Amino acid sequence: MTGWERVRDELDIWAAEKRVAQFWWRDDDAQDVSVSLKRMLSIAQNFDVSVALSVIPVGAKAGLVKYLRASKQAQVLVHGYAHANHARKGQAKRELGGARALSEVIQDLAKGLALARASFGERVLPVMVPPWNRIAPRAVEALPKLGYCGISTWKPRLKVKPQPGLTQVNAHLDVVDWRRGRLVKSEAQIAGLLLKKLRWRRANPVRASEPLGLLTHHKLWSAEKENIIVQLLGITRGHPAVIWRPATAVFGL
């Protein structure tokens, strides 16, 4: 039995128990139109799934703005401000914290949303996706006052509402192995990880309330990666126990 067959069997158990596994798709680091971006959105269209594109406000090209206006598959999230590393020596990379003063971080958060709205208009959702999935806790506290309604980082969320008026929905399944030189994880690895995460959610109903987030980076697209995404969508899309939700739905916007 293959890994994908085990995933299907697990989803069959969800269906038998009349439970629903929610999924959503986040893709990071968008700045311009590319062959890989077009290919990714084409696959999303084939499976009628929405992609939440985390766009870097500084450096977002006019071509991307024009292309997304015509795309029904993409919604825009705010990916920091310039995706610049401000970590202290010895820290993991981060833009929204590190060696910077809180006031500087808050300024960038405000400018990031304003710039994204100026470029993409109503296509932008007021959701912050911190570069490298890291943000200073006190900056999170400021997000609702700056006009943000959502935040998305990595791993299972600790709270649905980290702040009043702010919903958190994270990503959980990354097809890239960043610790091994940005290699694409194998098909068996991804199927195994997905199975593990589904079983964990079935055993923990509270955790199942957070949609399981697929995380991709279209700039690292490859035939191998595409095959994995197609296999994952093929198993889940249309299964009676699965709902793929757009970012507007997962963040209640």
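Every read-out reported here was derived from the displayed coordinates using simple, explicitly stated rules and does not represent laboratory data. Bear in mind the structure is a predicted one, so any value in this text is a computation, not a measurement. Every residue, glycine as well, gets a Cβ built from its backbone with ideal geometry; the counts of neighbours run over all protein chains shown.
Quick one: Cα centre-to-centre distance for the stretch 58-137 and the stretch 204-228, in angstrom?
The two parts, judged by their Cα centres, are 20 Å apart.
If you line up the long axis of helix 187-203 against the longest principal axis of the chain, both from Cα atoms, how many degrees apart are they, to the nearest 10?
Helix 187-203 sits at roughly 90 degrees to that axis.
Give, as a single signed number, the net charge of other residues whose beta carbon lies under 12 Å from the beta carbon of Gly252, with Lys and Arg counted +1 and Asp and Glu -1.
Once positives and negatives cancel, what remains is +2.
Taking a point 7 angstrom from the Cα of Lys66 along the C-beta vector, which residues in the stretch 106-127 have backbone N less than 19 Å away?
Answer for this model: 118-123.
For the chain, take the longest principal axis of its alpha carbons; what is the angle in degrees between that and the long axis of helix 223-236, to the nearest 10 within 0 to 90?
60
Can you give the net charge of the other residues whose Cβ lies under 11 Å from the Cβ of Arg94, counting K and R as +1 and D and E as -1?
Local charge sum for Arg94: +3.
With the contact rule set at Cα under 8 Å and sequence spacing of 6 or more, what percent relative contact order holds for the stretch 3-250?
29
Calculated FRET efficiency, Gln163 and Asp32, Cβ-Cβ r, R0 41 Å, to nearest 0.05?
0.80
Antiparallel as a % of all DSSP beta bridges within the stretch 3-250, to the nearest 5?
10
At what distance in nm do the modelled label points of Ala249 and Arg6 sit from each other, each positioned 7 Å from its Cα along Cα→Cβ?
2.8
Within the set of other residues whose C-beta is less than 14 Å from the C-beta of Glu5, count the net charge using Lys and Arg as +1 and Asp and Glu as -1.
Charge balance in the 14 Å sphere: -2.
What ³J(HN,Hα) values, in whole Hz, does the Karplus curve 6.51 cos²θ - 1.76 cosθ + 1.60 give for the stretch 158-165 when θ = phi - 60°, with x put for Gly and Pro?
Working through the residues one at a time gives 8, 9, 5, 10, x, 9, x, x Hz.
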